[in-house]
1. Looking only at region 209-237, which residues are touching a helix residue (DSSP H, G or I) at 6+ places or on another chain (Cβ under 9 Å) and aliphatic (A, V, I, L, M)?
2. Mind listing just one residue for me: the one in region 328-368 that is more than 17 Å from the chain's Cα centre (by Cα) and part of a strand (DSSP E or B) and, of those, modelled with the highest pLDDT?
3. Return the residue satisfying two criteria in turn: it lies in region 92-131 and is surrounded by 17 or more Cβ atoms within 10 Å (Cβ to Cβ) and of a type in the set (Lys, Arg), and of such residues it is farthest from the chain's Cα centre (by Cα).
4. Of everything in region 226-240, what is out of contact with any Ser or Thr (no Cβ under 9 Å at 6 or more places or on another chain) and at negative phi? Give them in sequence order.
5. What are the residues in region 51-94 that are out of contact with any helix residue (DSSP H, G or I) (no Cβ under 8 Å at 6 or more places or on another chain) and charged (D, E, K, R), if any?
6. Within region 203-234, take every residue that is under 25 Å from residue 275 (Cα atoms) and aromatic (Phe, Trp, Tyr) and give me the one that is nearest to the chain's Cα centre (by Cα).
7. In the set 243, 229, 253, 264, which member is of a type in the set (Val, Ile, Thr), more than 29 Å from residue 171 (Cβ to Cβ) and crowded, with 21+ Cβ neighbours inside 10 Å?
8. What single numbered condition from (1) free of Cβ contacts under 8 Å to residues at least 60 places away in the same chain; (2) touching a Leu at 6+ places or on another chain (Cβ under 9 Å); (3) of a type in the set (Val, Ile, Thr) fails to hold for residue 290?
Amino acid sequence: MQDIEYSRQVEKKKNILKLLSGKLLPGVDGGKKVHFIRSPKIYGFRNKMEFSFEGKDLGLHRRGRFDEVVNLTECPVFSNWVGGFLKEVRAFAARHSLPYYRRRENKGLLRFLILRESKFTGENTAILVINSESFKYKKEWADTVKRYMPGKSSAVIAYKSTPGDSAFTTRSEIVGGTGKMKVKIGKLFLELSPYSFFQPNSYQVENIYSLINSKIDGAKNILDLYTGIGSISFYIAAACRRITGVENSVSCINDAKYNLQKIIPPGKIQFVAGKVRPFLAQCQKPYDCIILDPPRGGISYRVFKHIDRISQEAFNLAKINPVKIIYISCSIKNFKKDLEYISDNTEWKLKSLTGVDQFVHTPHLESVAEFVV
């Protein structure tokens, strides 16, 4: 959608939301309760980019091709210093004759370059993902990052020798800096590790979280599922609230617990390490608000069934009326699938729906749905 003027992009995304809500969940009054939050910035808004090495090129995959990469000299949606840094990474590789990866053969050393930028604190991280279990140029990589990446930087080497086009790996090594990157959400400061998830548009994070906070006024006992580093829990923390965050990612849950000890927020927050479905299967507590912020793939029907049971029990046993469910989705396709399931299999009533444009110049959209049970 890069060739479409931004106001037209917004209109297209608004119409998609209205179509979804009107056809699947007509309780939102013909689209009158469908809202939209434009991105404050349409360039330089992303805080993370994942670039691929392929053959002789370093950049982004050509649309529809897993084995072709477009050699980039700039990345306007991320930051204006990227072009110069990519040039230095190429020079670093050439200096040491480090071969780029070839996906069809699973050969070559350099696989991915992940760059993370904290827009409001000046802290950054560069992760070099290699097709090996060892690397003898750690110091040179750390020196390159320190010299050419702006602000306070951390350099990381990540090891991934198995095939596949995911840059995620459980084995990485901090070779320069602290490895922690401080991010700012309003007045809140959190620290995250190199592989921990954070909302991709830095200028929309507070908009999303303040929207959630406004929808759960009066909630006392909150379940925050797929909590990540606990950013939503920390943002909505209040003296009268008890919040339980559940997260399966080891990196994220460790960051959540680390930040909990540093911040000591109001109210009571606890973080539980583990998968959401087994946690819900054992859950017997009544919650008057459940927040769902799952990965792009959405939520399985088993998770929905457990949430439906818990919300009904909360109303019947604790006389909580109504029980609020806030569902945040970053995939229109999977959001549509989940709305269809909710409409056909639960008594949840959609009270409002808000689109938050995190992904400018793409067809993707963050959706925040408010349900009552």
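The values are calculated or read from the model by the stated rules, or taken from the named source; none is laboratory data. Small disclaimer: the values here were computed from a predicted structure and weren't measured. Cβ atoms come from the backbone with ideal geometry, glycine included; neighbour counts cover every protein chain shown.
1. Filtering region 209-237 for residues touching a helix residue (DSSP H, G or I) at 6+ places or on another chain (Cβ under 9 Å) gives 209-210, 212-213, 216, 219, 221-237.
Across region 209-237, the qualifying residues are 212, 216, 219, 222, 223, 225, 229, 232, 236, 237.
2. 354
3. 103
4. 231, 232, 234, 236, 237, 238, 239, 240
5. 54, 56, 57, 62, 63, 65, 67, 68, 87, 90
6. Applying the first criterion (under 25 Å from residue 275 (Cα atoms)) to region 203-234 yields 205, 208-209, 212-213, 216, 219-234.
Within this subset, residues satisfying the condition of being aromatic (Phe, Trp, Tyr) are 209, 226, 234.
Working: 209: 13, 226: 10, 234: 16 Å.
Looking at the filtered set, the residue picked out is 226.
7. Numbers: 229 fails: more than 29 Å from residue 171 (Cβ to Cβ); 253 fails: more than 29 Å from residue 171 (Cβ to Cβ); 264 fails: crowded, with 21+ Cβ neighbours inside 10 Å.
Every option except 243 fails the conditions.
8. Of (1) free of Cβ contacts under 8 Å to residues at least 60 places away in the same chain; (2) touching a Leu at 6+ places or on another chain (Cβ under 9 Å); (3) of a type in the set (Val, Ile, Thr), only one is false for residue 290: (1).
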